[in-house]
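The values are calculated or read from the model by the stated rules, or taken from the named source; none is laboratory data. Note that this is a predicted model, so its numbers are computed, not measured. Counting neighbours? That spans all protein chains shown, and the Cβs are built from the backbone with ideal geometry, glycine included.
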Amino acid sequence: MASTTEAATGRQGTEARPRARWTRNISAKIAAIPMIATALVVFVGGTIWTVVYSFTDSKLLPRLRWVGFDQYERLWSQNRWLISIENLMFYGVMSLVFTVTMGFILAVLMDQKIRFEDTFRTIMLYPFALSFIVTGLVWQWILNPQFGIQGVVRDMGWTSFSFDPLNNPQTVLYGLLIAGLWQGTGFVMCLMLAGLRGIDEDIWKAARVDGIPTWKTYVMVIIPMMRPVFITTLVIVASGIIRLYDLVVAMTSGGPGGNASQVPAMYVYDYMFQAQNLGQGFAASTMMLLSVLIVLIPWAYLEFGGKKHG
Amino acid sequence: MRVSKLTAVLCASVAMPAMATELEVTHWWTSGGEAAAVAELAKAFDASGDKWVDGAIAGGGGTARPIMISRITGGDPMGATQFNHGQQALELVEAGLMLDLTDVAEANNWKEIINPPSLLEACTVDGRIYCAPVNIHSPEWLWLSNKVYEDLGLPVPKDWNEFVASAPKVREAGKLPLALGDQPWQSNLAFGAMQIAVAGLDAWKAVNVDKNMDVAAGPEYAKVFQAAAEARELAKGSNVQDWNQATNLVITDQAAGQIMGDWAQGEFQVAGKVAGTDYTCLPGLGLNEYISTGGDAFYFPKLNDPEKEAAQKRLAALLVSPEVQVAFNLKKGSLPIRGDIDLSAANDCMKKGLKILAGGNIVPSGDMNWSPDVQKQAEDLMVEFWKSDMAPEVAHQKWVEILKSGL
């Protein structure tokens, strides 16, 4: 209680000025109205609509016949859905850890005042310009046992060499991960690089004067200072992971073995459109929304609530 | 500026009906043989004075159907669209989005000529007819490579039991007994074919037509699951995705057999193989020579334009006409929907199909019996069962649960 009243009074303090601010830039605010309306109607309205209809037995066309939590019960009793969640968790954790660490290390390397930095930056960021569909198709070919890496190495003489992650249910997620990392790391690197460039040169000078080793400066000083960049990166990467769909469709379409690389978004699409069962698809997408919120709410709290920064 | 644009739009809307009526037709027939078959339909429609605007959607039915449905429900309907007859378009019909073709059907006497009559029943909702069937496809076929057996010095199996008995020798020779693609619907298709072959017609009908769940949970179906568990052992080591890649394993004699629909025939034909000498086809897996009569039909969304509606009805009548049926089905490799036409140009396997059709050994297809929702769930279960070590008893129990959800 105490903290909420505190926050309220704090906000009031800043709201004393906004009364004058309201009328300032009035034309810009009017211009923003269509955007705000679209956001409210399309995003918020659409979301509420989806959640509401997830409690109905809508088939091909939406209809309001309530069935309570039936769709959710059915969803959580489906093996395919449970496997999808498992796969996504594994992919998500691995992808988060590796993109952030690799992105940061690359950014640090780029920050050493190297020659041709622009060239390297462009090369590293290029994969991000490709859609997941293209990325997936490219890597499907690279990992193809007949034509890809395995084929090339075997042609060079190592005939026992075997590297075929996509056709083995145990390793298929690593195959997806390779493609995902290739695509996403460059982007994280650029975010991190911007963060590193935002660090005041004086910090470095002070650290050098005190004789602190470079690695220690990075770990103990620079990383804590880059907290906002890290949090933004985490949120962007995490929300990208939850909606993972096109990469899987392009690389494995959920296989091998039918289920080994299923993800929740595929379940949503298949049940909404192929099975003509909107209610079930809506229930699954509501669960996805829930997981996005679980990622977003702590972030919003850290960024906007609690102590002010900046 | 604005006025001239307006008048241009007005002129266009007035001028439109005066021209030959254009109808956009959407379908998912994009492979070589399929495209040639569609071209026959387009040719016939253009020759009759209207204009066929082709709206092919690549990627198969699973990709195409959501696009078609969202266009119809989203207020941008096409002139005509392909669906598999059965329950796929049922809700669109019930929502009043489809054109009633009953008068066309009566004028052309569809009730008498369409054989088997179950095809027309699948188009009928509350006594009105909403679609024009164009062909019959059946999934219950076993395709065998003769060469694999000749090399082993074995006779080519004549039914599923002989096939299973010969499988260990095929395996010893380093070949794959049964090719099975990775896509979920293929596992489901294989199971569907084994259902009617192993459980027999009576049990099949009790479950799929009369929806008797006691039979579904009973010993006949336990046998089917046992047989499927055996079959999945034979399919171990088959790591291809698409059905035609699996068919290709049989064509190139790397695999002994494949359970696939009669559309596989097109692949053998393109590869220059001859039915009977290079490959053998066994409808109903050779055990119970029954085929289910699924297939394709055209539905006509309501357009609220009398000119277009007349053209839609002309197209519906044309699709069922004898000339179009012969031209289309010979190219497509499918069976015609009427028994009164001459298909002497058909090959061995197609003739087997025609004979079964003429003998009346036919059953309704999965699309007619079960909703897409049930079929999708069954697909998910089947792919898991065929590709893992799930116990047949467990799969059997889950399968019955899925069927019950569709009652």
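Go through (1) in a helix (DSSP H, G or I); (2) outside the structural domain of B:Arg171 (by TED's automatic domain parsing); (3) aliphatic (A, V, I, L, M); (4) more than 24 Å from B:Ser31 (Cβ to Cβ) one by one and return the number of the condition B:Leu285 breaks.
The one condition B:Leu285 does not meet is (2).
Can you tell me which of (1) of a type in the set (S, T, N, Q); (2) part of a helix (DSSP H, G or I); (3) free of Cβ contacts under 8 Å to residues at least 60 places away in the same chain is the one A:Ser253 doesn't meet?
(2)
Does the range B:247-259 contain any residue that is surrounded by 15 or more Cβ atoms within 10 Å (Cβ to Cβ), in contact with a helix residue (DSSP H, G or I) (Cβ under 8 Å, 6 or more places away or on another chain), touching a residue at least 24 places away in the same chain (Cβ under 8 Å) and within 14 Å of chain A (Cβ to nearest Cβ)?
no
In the set A:Leu173, A:Leu181, which member is in a helix (DSSP H, G or I), touching a residue at least 40 places away in the same chain (Cβ under 8 Å) and more than 20 Å from A:Gly255 (Cβ to Cβ)?
Going through A:Leu173, A:Leu181 in turn, just one is in a helix (DSSP H, G or I), touching a residue at least 40 places away in the same chain (Cβ under 8 Å) and more than 20 Å from A:Gly255 (Cβ to Cβ): A:Leu181.
Could you check how many residues of the range B:76-93 are small (Gly, Ala, Ser) and at pLDDT below 85?
2
With (1) free of Cβ contacts under 8 Å to residues at least 60 places away in the same chain; (2) of a type outside the set (S, T, N, Q); (3) more than 14 Å from chain A (Cβ to nearest Cβ) as the list, and B:Lys398 as the residue in question, which single condition is left unmet?
Unmet condition: (3).
In the range B:44-57, which residue that is away from every other protein chain (no Cβ under 14 Å) and not in a strand (DSSP E or B) is farthest from the chain's Cα centre (by Cα)?
Of everything passing the filter in the range B:44-57, B:Gly49 is farthest from the chain's Cα centre (by Cα).
Within the range A:43-66, which residues are surrounded by fewer than 15 Cβ atoms within 10 Å (Cβ to Cβ) and within 14 Å of another protein chain (Cβ to nearest Cβ)?
Of everything in the range A:43-66, those that are surrounded by fewer than 15 Cβ atoms within 10 Å (Cβ to Cβ) and within 14 Å of another protein chain (Cβ to nearest Cβ) turn out to be A:Leu61, A:Arg63, A:Arg65.
Can you tell me which residue in the range A:257-283 is nearest to the other protein chains (Cβ to nearest Cβ), limited to those that are hydrophobic (A, V, I, L, M, F, W, C) and part of a loop (DSSP other than H, G, I, E, B)?
A:Ala275
Write out, first by first residue and then by second, each pair whose Cβ atoms fall under 9 Å of each other, whose residues are 6+ apart or on separate chains, and whose first residue, in the range B:106-128, is touching a residue at least 24 places away in the same chain (Cβ under 8 Å) while the second is acidic (Asp, Glu).
B:Ile113/B:Asp340; B:Asn115/B:Asp340; B:Ala122/B:Asp367; B:Val125/B:Glu94; B:Arg128/B:Asp100
In the range B:288-304, which residues are under 17 Å from B:Gly261 (Cβ atoms) and either without any contact (Cβ under 8 Å) to a residue 24 or more places away in the chain or not β-branched (Val, Ile, Thr) (or both)?
B:Asn288, B:Glu289, B:Tyr290, B:Ser292, B:Gly294, B:Gly295, B:Asp296, B:Ala297 - these are the residues of the range B:288-304 that are under 17 Å from B:Gly261 (Cβ atoms) and either without any contact (Cβ under 8 Å) to a residue 24 or more places away in the chain or not β-branched (Val, Ile, Thr) (or both).
Looking at the structure I just gave you, is B:Ala206 surrounded by fewer than 24 Cβ atoms within 10 Å (Cβ to Cβ), over 19 Å from B:Gln377 (Cα atoms), without any contact (Cβ under 8 Å) to a residue 60 or more places away in the chain and assigned by TED's automatic domain parsing to the domain that holds B:Ala264?
Spelling it out, B:Ala206 is indeed surrounded by fewer than 24 Cβ atoms within 10 Å (Cβ to Cβ), over 19 Å from B:Gln377 (Cα atoms), without any contact (Cβ under 8 Å) to a residue 60 or more places away in the chain and assigned by TED's automatic domain parsing to the domain that holds B:Ala264.
Out of the strands (runs of 3 or more DSSP E) lying entirely within the range B:127-183, which hold 1 or more residues that are touching a His at 6+ places or on another chain (Cβ under 7 Å) and under 30 Å from B:Val104 (Cα atoms)?
Filter on the range B:127-183 gives B:131-133.
Only helices (runs of 4 or more DSSP H) wholly contained in the range B:297-407 count here; list those with 1 or more residues that are surrounded by fewer than 20 Cβ atoms within 10 Å (Cβ to Cβ) and of a type in the set (Lys, Arg).
B:306-320, B:322-332, B:348-359, B:392-405
Here are the criteria: (1) over 30 Å from B:Ile72 (Cα atoms); (2) more than 12 Å from chain B (Cβ to nearest Cβ). Tell me which single one A:Ser77 does not satisfy.
(2)
Kindly provide the set of residues from the range B:29-43 that are touching a Phe, Trp or Tyr at 6+ places or on another chain (Cβ under 7 Å) and either within 14 Å of chain A (Cβ to nearest Cβ) or surrounded by 17 or more Cβ atoms within 10 Å (Cβ to Cβ) (or both), ordered by number.
B:Ala37, B:Val38, B:Glu40, B:Leu41
Do you know which residues across the range B:61-103 are small (Gly, Ala, Ser), over 15 Å from B:Phe298 (Cβ atoms), part of a loop (DSSP other than H, G, I, E, B) and touching a helix residue (DSSP H, G or I) at 6+ places or on another chain (Cβ under 9 Å)?
Within the range B:61-103, just B:Ala95 meets the criteria.
Since B:Val224 meets every condition but one in (1) surrounded by 22 or more Cβ atoms within 10 Å (Cβ to Cβ); (2) β-branched (Val, Ile, Thr); (3) in a loop (DSSP other than H, G, I, E, B), which condition does it not meet?
Result: B:Val224 passes all but (3).
For A:Arg243, work out the one condition from (1) away from every other protein chain (no Cβ under 14 Å); (2) of a type in the set (D, E, K, R); (3) within 30 Å of B:Ile67 (Cα to Cα); (4) without any contact (Cβ under 8 Å) to a residue 24 or more places away in the chain it doesn't fulfil.
With respect to (1) away from every other protein chain (no Cβ under 14 Å); (2) of a type in the set (D, E, K, R); (3) within 30 Å of B:Ile67 (Cα to Cα); (4) without any contact (Cβ under 8 Å) to a residue 24 or more places away in the chain, A:Arg243 is out only on (4).
How many residues are buried (at least 17 other Cβ atoms within 10 Å of the Cβ) and either out of contact with any Gly (no Cβ under 9 Å at 6 or more places or on another chain) or not in a helix (DSSP H, G or I) (or both) if we restrict to the range A:219-242?
Here the count works out to 3.
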